[in-house]
Amino acid sequence: MDGNATLPALAVERLSVALSGRTILDHVGFSLAPGSFCGLIGANGSGKTTLLRSILGLVTPSGGTIRCAGGKPGQAIGYVPQKIQFDPFMPLRARDVVGLGLDGHRFGIPLPNAARRARVAAMLAAVDAERFADQRVGDLSGGQQQRVMIAHALIRAPKLLLLDEPLANLDLRSIAEVVGLLHRLTEKQGITVLLSAHDMNPLLPVMDQIVYLAHGRAVSGTVADVVRGGVLSQLYGYHIDVIRVHGRVLVVAAGGVEAQDGSLLCDPVHVAPIP
Amino acid sequence: MFSSFMLNSWIVATIVAATAGLVGFFVVIRGASFAAHALPLSAFPGAAAAALLGVNEIAGLVGFAALGVLGINGFSRRGRPEVATALTLVLLLGVGTLLLSQSRDDAQLVYGLLFGQVLGVSRAEIVPIAALSAAASLATLMLLRPLLLSAVSPELAQARGVAPGRIDIAFLVIMALAETIALPVVGALLVFSLMVGPASAARNLTDRPWLGLALSVGLSVVTAWLAIALAYQTNWPIGFFVGGLGALAYAVGRAVRGAKS
Amino acid sequence: MVLSDFLSVLAGFWQNGPVQVALAVGGGAALVSAVVGVFTVLRGQAFAGHALADVSSAGGSASLLLGLRPLVGFFAMAALAAGGMEALGARAVRERDLVTGIVLGAGLGLTALFLYFDMTSTATTGAAVSVMFGSMFALAPGTVTLALGVAALALAASAALYRPLLLIALDPDLATIRGVRVRAVGFAHVVVLAMAVSLSAMTIGAILSTALLIGPAACGLRLARRTGTAIAIAAGLGLLATWGGIFLAYDSFYWTPGHGWPVSFFVVAIIVGAYALTGLRGRAG
């Protein structure tokens with residue numbers, strides 16, 4: 001990818017972040033080619049959310065650079081935060097949430113506007129959310145809410161879309177639907193996607209690139225290059241086995257020994273039925 | 001200031017302040033400030049009801065405090081807790097305005113109940129106050145660990161067999177008791193200041209929960225004593241000093257905490 | 001016969017000077033409180049709203065001492081308290097509630113002091129009751145213009161903050177990356193909240209103004225699917241409760257001669273009754 005002449009959609013170099021004295025990210029570097037679908041994989045607490053928040057400018061890094069094609073985060077980056085808890089009392093329909101993605105930062109009441117309505121309707125159609133567009137978001141299922149939030153993030157046609165654990169708490173069918181939807185959208189609109197997850201398996205069919213985070217450090221490349229015993233053992237600092245069973249990947253620490261920091265070394269272990 | 005007439009006031013103030021400090025510690029760590037403010041205000045019309053019906057004032061206050069607990073708990077089941085608290089509060093106060101308008105207008109009485117008065121504690125009143133205070137303290141001490149655990153994490157408490165819902169109700173009852181007895185002295189509006197001010201300072205002065213609890217009780221008693229002494233000297237309302245000293249305690253706690261880190 | 005009685009009461013009602021002032025000022029207060037209340041409940045600031053109202057009573061009681069217009073006093077103190085809460089600012093909900101409580105305690109302490117001065121220096125023995133429980137029928141006719149002006153200003157500000165407030169309620173991070181200054185918008189909302197509560201404190205009383213702020217908004221949020229509908233329901237209910245309350249209080253002078261029933265009681269009763277009823281119903285459009 002380094003030999004490619006096109007500018008990367010996102011370039012992160014030697015990024016370090018410390019929060020209240022603790023090092024969360026330690027010289028993390030990777031770059032994403034335009035239009036690629038990248039999985040940001042790591043266990044809970046490995047720094048995935050901090051990395052995404054740094055890219056968005058919500059966290060100030062202690063070192064390193066982040067360059068993003070297109071400029072300011074609000075314009076160029078769409079963002080789906082980690083499990084939004086939709087308040088069941090919030091009087092917003094799915095349609096209104098998508099509308100807020102368009103002009104929620106503006107002052108004043110939104111005036112009736114045919115162009116705005118059409119754009120919201122088109123976006124709802126693109127994420128296949130027309131069926132529940134007029135229900136309260138708080139009443140929707142997890143998969144439906146996720147689709148609404150993706151529409152919210154995409155309505156301003158960003159070049160880069162960041163999603164923080166969008167697949168957590170979804171059932172297997174919704175996971176497949178959301179991944180398929182994201183894949184279709186990126187293919188069609190040429191958006192670059194960076195999606196964080198603790199389980200890489202649902203993403204294997206669509207992932208062009210993987211950024212694997214552990215203990216604040218990262219390796220990146222294609223799945224074939226990165227998800228290997230030798231590479232991950234070096235990243236974790238102890239022996240890791242990568243087992244491929246029925247087209248699924250299991251990352252296992254030898255013997256399930258306990259790590260120095262007390263966490264069990266068998267994360268992320270993925271045992272799930274074959275689709 | 002220390003005449004035999006005032007002696008009863010000192011005794012009562014010490015009892016209610018110690019109880020307030022004990023219960024207040026949990027008000028602060030459980031984040032129950034709004035309920036702590038709403039309950040005594042909901043209880044306050046009980047005094048007017050008692051005057052109209054010709055029953056004992058404390059009985060009236062306890063009765064309305066019970067209505068407050070029921071209201072907050074009942075409305076909370078179908079809606080946000082803070083909305084439930086707010087609406088219970090205004091409902092009972094609304095009833096209070098009606099009762100006040102129908103009784104003999106006594107502005108001085110209303111003012112005393114809202115903002116507190118030092119004088120006028122008779123020996124006969126000490127017994128019920130001490131009894132209710134003991135009940136509230138005993139209940140707090142018995143529930144000490146469940147209260148702490150469910151404040152840290154409701155899930156954790158549930159895993160240990162403590163139902164968070166029941167603890168919430170139990171704590172509402174404890175707060176209602178502790179505040180009702182303090183109401184005639186400190187006033188309905190400022191009871192909770194005595195609860196949260198010293199307790200918030202205690203929490204910032206130490207990281208050890210049981211030491212914090214002891215500090216909270218101590219600071220609360222000192223606050224009440226100072227407020228009475230100052231009110232006696234200046235003839236200004238005691239509520240003014242309780243509110244001010246509560247804020248001062250919080251400020252000191254925050255400054256100490258800030259200096260540490 | 002009952003109808004003709006009712007009509008004659010109604011005729012007197014409309015021609016009564018204090019009633020006309022109460023209808024105008026109370027209506028403005030109800031409208032603003034309902035609109036601001038929807039955002040207040042959404043943002044989980046019911047306690048802050050109640051606290052600002054309570055603290056505003058210090059201003060109300062000081063205005064009696066200083067001879068200021070009550071609304072000016074109520075608002076000055078509420079705005080001061082809003083600034084205090086913002087300065088002591090805390091993120092976590094529990095800590096925020098605690099800060100609110102501390103400011104509330106200090107403010108009510110001042111109310112106690114000012115009311116004491118009111119009662120000792122002047123002969124206004126009813127100060128505590130009128131400041132804390134409202135004085136709907138004792139509003140000076142001169143306040144109508146000022147009160148409606150403040151109401152219009154608060155409504156305009158709410159309209160301006162409408163979308164950013166909703167986006168923040170959805171997720172503060174999303175708002176930040178879109179360039180919304182989350183803290184500034186939050187503070188602006190609290191200032192508008194201070195305007196709303198000082199208006200209703202003047203009419204139905206400082207400690208009862210929470211009824212107009214929280215009750216109609218909570219009903220609207222229960223019934224509506226969209227924010228606009230929630231606000232419309234809240235506004236309608238707020239007006240109904242206030243005007244209905246004024247009428248019933250006026251009429252009550254005939255029920256128990258010598259002792260009229262307080263407006264605040266009726267307003268609160270209508271609102272809480274409506275809230276209880278909406279709990280039984282599903283959602284409308």
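General remarks:
- Unit charges on C-beta of K, R, D, E only; dipole of segment C:2-278, Debye: 800 debye
- Listed residues A:PRO202, A:PRO112, A:PRO91, most fluctuating in chain A (Gaussian network, C-alpha, under 10 Å): A:PRO112
- The mean sequence separation of alpha-carbon pairs under 8 Å and at least six residues apart, normalised by the residue count of segment B:181-235, gives a relative contact order of 30 percent.
- Of C:LEU240, A:ILE66, C:GLY205, farthest towards positive along the dipole that unit charges on Lys, Arg, Asp, Glu beta carbons give the protein assembly as shown: A:ILE66
- Kyte-Doolittle mean at least -0.5, axial Cα span of 20 Å or more - DSSP H helices of chain A: A:172-189
- Take every Cα pair under 8 Å whose residues are at least 6 apart in sequence, average their separation, divide by the length of segment C:31-127, and the relative contact order is 31 percent.
- The shape of the protein assembly as shown can be summarised by an equivalent ellipsoid whose semi-axes, obtained from the alpha carbon gyration tensor, come to 54, 33, 22 Å from longest to shortest.
- In this rough spin-label picture, where each label sits 7 Å from Cα along the Cβ direction, the B:LEU52-A:SER233 distance is 8.3 nm.
- Per-residue ³J(HN,Hα) for segment A:196-202, Karplus 6.51 cos²θ - 1.76 cosθ + 1.60, θ = phi - 60°, Hz, x for Gly and Pro: 8, 7, 8, 10, 7, 4, x
- FRET efficiency for B:TRP225 and B:ALA159, using Cβ-Cβ distance with R0 set to 30 Å, rounded to 0.05: 0.10
- Each of C:ILE177, C:SER130, B:LEU22 was scored by the projection of its Cα onto the charge dipole of the protein assembly as shown, and the greatest displacement toward the positive side belongs to C:ILE177; charges sit on the C-beta of Lys, Arg, Asp and Glu.
- Close amide H contacts of C:GLY126 (hydrogens built in the peptide plane, cut-off under 5 Å, sequence separation of 5 or more or a different chain): none are found.
- Mean ellipticity per residue at 222 nm, deg cm²/dmol - from DSSP H runs of n ≥ 4 across the protein assembly as shown, formula -39500 (n - 2.57): -21500 deg cm²/dmol
- Mean separation of Cα contacts under 8 Å, 6 or more apart, over the residue count of segment B:4-260: relative contact order %: 31 percent
- For the options C:ASP251, C:ASP97, C:ASP171, a Gaussian network treatment of chain C with springs between C-alpha atoms closer than 10 Å singles out C:ASP171 as fluctuating the most.
- Shown here is the pair-distance distribution of segment C:33-181: with all Cα-Cα distances grouped in 5 Å bins from zero up to the longest one, the shares run 2, 9, 15, 19, 19, 15, 10, 6, 4, 2, 1, 0 percent.
- Of all the options A:ILE41, A:ILE66, A:ILE210, the one that moves most in a Gaussian network model of chain A with Cα springs shorter than 10 angstrom is A:ILE66.
- Kyte-Doolittle at least -1.0, axis length at least 20 Å by Cα - qualifying DSSP helices, chain B: B:4-30, B:57-76, B:81-102, B:123-142, B:164-186, B:191-205, B:209-234, B:238-260
- Pairwise FRET efficiency - A:GLN82 versus C:ALA11, Cβ, R0 = 60 Å, nearest 0.05: 0.45
- FRET efficiency for B:LEU141 and C:TRP255, using Cβ-Cβ distance with R0 set to 41 Å, rounded to 0.05: 0.25
- Phi-based couplings in Hz for segment A:34-39 (Karplus 6.51, -1.76, 1.60; Gly and Pro marked x): x, x, 8, 10, 10, x
- For chain C, the orientation-averaged shadow of the C-alpha convex hull comes to 16.2 nm² (one quarter of the hull surface).
- Computed log₁₀ I(q)/I(0) - Debye formula, equal Cα scatterers, no solvent, segment B:46-92, q 0.18, 0.25 Å⁻¹: -0.54, -0.77
- Reported to the nearest whole Å, the Cα centre-to-centre distance from segment C:26-66 to segment A:23-88 is 41.
- About the Cα centre, charge dipole magnitude for chain A (Lys/Arg +1, Asp/Glu -1 at Cβ), debye: 860 debye
- Whole-angstrom gap from segment C:70-103 to segment B:223-261, using each part's C-alpha centre: 18 Å
- C-alpha center-to-center spacing [segment C:143-205, segment A:133-205] in angstrom: 33 Å
FYI, it's all coordinate maths here, none of it is from the lab. Just so it is clear, the structure is predicted and the values come from calculations on it, not from any experiment. Every residue, glycine among them, receives a Cβ derived from its backbone with ideal geometry; neighbour counts consider all protein chains shown.
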